[in-house]
Every structure is written in C-alpha cells, then in structure tokens.
Amino acid sequence: MAVFWWIYIAAGVSMMLNRKMEVRSMIDKNIGGFQFIAGQWPLDPGKPTVVFIHGAANSRMFWKAQVGGLSAGANTVAPDLPGHGMSGGEGRDSVAGYAAAVRDFISAIGADRPVVCGLSMGGAIALHLLIDLGRECRAGIIINSGARLKVLPVIFDMIRNDYRAFCGSLAKFAASPETDPKLLADAVAETEKCDPSVAYDDFSACNSFDMMNGLDAIAVPVLVIASADDILSPPKYAQYLKDRIPGSKIVTVQAAGHMSPVEKPGEINDAILDFLASIPV
C-alpha cells in the first residue's frame with residue numbers, strides 16, 4: 001500500500017511539473033490583416049479557444065508565455081491590434097473601436113465561443129466584448145484592469161515629449177520592485193516599436209473608458225486576476241470587478257506588477273488553467 005501511495009504522489013508531482021514547464025512552439029500567421037501567434041493551427045474544435053488581447057502600445061508577443069505554455073489544453077491565439085506589431089490598419093482611440101476589431105479577428109479565425117483574456121487596455125476590451133457578445137463568449141479573464149482606467153497626465157506628457165524616456169521608465173512603474181528587469185526586455189522592446197501616436201491614442205482610449213455601471217449584465221464565467229504590486233491598476237480595481245460581475249472569481253498574484261503575465265508567467269498560467277477547468281462545456 002505504501003509503495004502504491006508513493007507512486008501516486010510521484011505521478012502527481014510529475015503532472016504538476018509538466019503543467020508548469022511544458023512550453024510548445026508557436027505559429028505566427030496573418031489572416032484578414034491580423035498578425036497573430038497561435039499555440040497550434042488549425043484550431044482544435046475539441047478545445048476551448050482563448051483569445052489574448054494585449055495592452056496599450058504593445059503587441060501579440062506580450063503573450064508568448066501564455067500562448068506557448070497553455071496550448072496543450074486550449075487553442076491559444078494572440079493578435080496584434082490594428083496599428084500594432086505587424087497588423088495592418090490604424091490604431092483606435094476608443095476601447096469600443098478596438099473591441100470591434102477583435103470581433104472581426106474572432107470571426108476571421110473562426111473561433112467558436114472564445115474565452116476572451118485581456119491585460120489593462122486589453123482587459124477593458126474584453127469587458128466590452130463580454131457585454132456586447134454575451135453568451136457568444138464562453139468566458140472572460142481580466143488581468144490588471146478595471147471598470148475605469150484613468151491615466152496619469154505625466155504619461156501623456158512623456159509619450160508626447162520623450163517617447164524613449166517613457167519606454168525606459170516601464171520597468172520602474174509597470175513592474176514589481178522584485179522583478180528582474182531582464183524579464184521585461186522583450187515587452188519593453190515591443191513598446192519601443194509602437195508608433196508614439198498610436199501609443200497616445202491607446203492611452204486616450206483607456207482614459208475615456210468607463211464601465212462602472214453595467215457589469216452585472218455579464219452572464220458568463222469571469223476570472224479577475226490582480227497583482228499585488230500593480231500601481232497602474234491596483235488590486236482594488238480587481239475587487240470592484242469581482243464585487244459587481246455575478247459569480248466571478250478573483251486571484252491575486254504576489255510580488256508582481258502590471259506586467260504579471262511576463263513577471264510571473266507560471267502563476268498566471270496556473271490560474272488560467274484552473275479557471276478553464278472550471279468552465280462548463
């Protein structure tokens with residue numbers, strides 16, 4: 001009996017390690033003018049599809065650890081929003097405008113009832129989609145975002161007057177003091193590639209976003225993820241969402257800031273996997 005129990009424990013540990021360590025290669029594609037990365041292609045109709053939506057002035061590559069790390073259990077896709085990365089078109093100056101673009105992307109790739117997952121501005125876009133599409137979405141995951149995203153005037157000033165300085169400051173105000181700046185290098189590099197005018201419009205879209213009312217209309221499962229050291233979208237924003245979205249769940253990641261999917265990819269991926277396992281088929 002003891003031998004059997006030891007084998008059982010060893011198997012469980014092995015499964016946990018595989019869950020955390022397996023990162024599959026990604027596919028980079030363009031469909032309908034949208035550049036995106038995918039964990040596998042074509043989409044497997046037997047798996048849920050998670051659409052990852054990046055934040056302001058970034059790109060699909062922000063989600064590398066999630067697209068590659070979660071692809072064993074889900075279809076994982078992350079597009080460049082219009083005007084970002086390698087997607088065509090122009091950026092938008094409203095969350096509603098970006099939400100319409102993500103709807104077009106979902107249609108272009110043929111994703112049936114996707115789980116929409118967004119960070120910061122991407123989280124605002126996901127909230128917009130959850131209300132507009134209703135049960136056409138399977139579920140939502142909102143990371144480091146809120147029902148209102150007011151932007152500090154200094155951010156607009158830096159983008160307008162010294163975009164390079166703005167990008168250089170990201171490691172200080174968008175990450176935990178405990179995060180190794182080297183982990184942020186790729187994400188910062190993507191922001192540096194963004195046209196400053198697009199970045200300015202992105203933050204304008206955030207600044208005008210307001211969904212303080214109407215969250216109770218969301219009728220699908222929602223996971224809200226906060227990060228303890230996030231000073232841009234502090235944990236109280238996540239708690240507001242949790243308190244007003246019916247049946248939603250909340251997870252707080254410790255020692256992580258606004259870029260927690262990059263800072264703590266294993267913990268973010270585990271939270272997403274647990275949530276996906278809880279969603280009714």
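Among the numbered conditions (1) touching a residue at least 60 places away in the same chain (Cβ under 8 Å); (2) closer than 16 Å to G118 by Cβ, the only one that Y240 does not meet is (2).
Within the range 31-52, the residues that satisfy the criterion of being part of a loop (DSSP other than H, G, I, E, B) and within 19 Å of S87 (Cα to Cα) are G32, G33, G39, W41. For the range 28-46, enumerate the residues that are of a type in the set (G, A, S) and surrounded by 24 or more Cβ atoms within 10 Å (Cβ to Cβ). Result: G39, single match. Quick one: would you say N75 is touching an Asp or Glu at 6+ places or on another chain (Cβ under 8 Å) and over 29 Å from I159 (Cα atoms)? Yes: the conditions hold for N75. None of G85, G91 is on the phi > 0 side of the Ramachandran plot and modelled with pLDDT of 95 or more except G85. Taken together, A78, A111, A72 contain a single residue that is in contact (Cβ under 8 Å) with a residue 60 or more places away in the chain, hydrophobic (A, V, I, L, M, F, W, C) and within 20 Å of M26 (Cα to Cα), which is A111. For the range 243-281, the set of residues classified as farther than 29 Å from P181 by Cβ, among the small types (G, A, S) and surrounded by fewer than 17 Cβ atoms within 10 Å (Cβ to Cβ) consists of G247, A277, S278, listed by residue number.
Residues considered: S260, S227, S204. Of these, the only one that is of a type outside the set (K, R), more than 18 Å from I142 (Cβ to Cβ) and in contact (Cβ under 8 Å) with a residue 60 or more places away in the chain is S204.
Which residues, counting only those in the range 171-190, are surrounded by 19 or more Cβ atoms within 10 Å (Cβ to Cβ) and either in contact with a Cys (Cβ under 6 Å, 6 or more places away or on another chain) or not polar (S, T, N, Q) (or both)? Can you show your working first?
Residues of the range 171-190 that are surrounded by 19 or more Cβ atoms within 10 Å (Cβ to Cβ), as a first pass: 171, 174-176, 179, 184, 187-188, 190.
Residues satisfying the conditions are A171, A174, A175, L184, A187, V188, E190.
Would you be able to say whether some residue in the range 232-242 is in contact with an Asp or Glu (Cβ under 8 Å, 6 or more places away or on another chain), within 20 Å of D210 (Cα to Cα), crowded, with 19+ Cβ neighbours inside 10 Å and not hydrophobic (A, V, I, L, M, F, W, C)? Steps first, please.
Keep residues of the range 232-242 that are in contact with an Asp or Glu (Cβ under 8 Å, 6 or more places away or on another chain), which gives none.
Within the range 232-242, not a single residue is in contact with an Asp or Glu (Cβ under 8 Å, 6 or more places away or on another chain), within 20 Å of D210 (Cα to Cα), crowded, with 19+ Cβ neighbours inside 10 Å and not hydrophobic (A, V, I, L, M, F, W, C).
Here K20 passes the criteria (1) at pLDDT 95 or above; (2) assigned to a helix (DSSP H, G or I) except the one numbered (1). Here T49 fits the description: modelled with pLDDT of 95 or more and surrounded by fewer than 24 Cβ atoms within 10 Å (Cβ to Cβ).
The values are calculated or read from the model by the stated rules, or taken from the named source; none is laboratory data. No experiment lies behind these values; they were computed from the predicted model shown. Please note: Cβ atoms are built from the backbone with ideal geometry, for glycine as well, and neighbour counts cover all protein chains shown.
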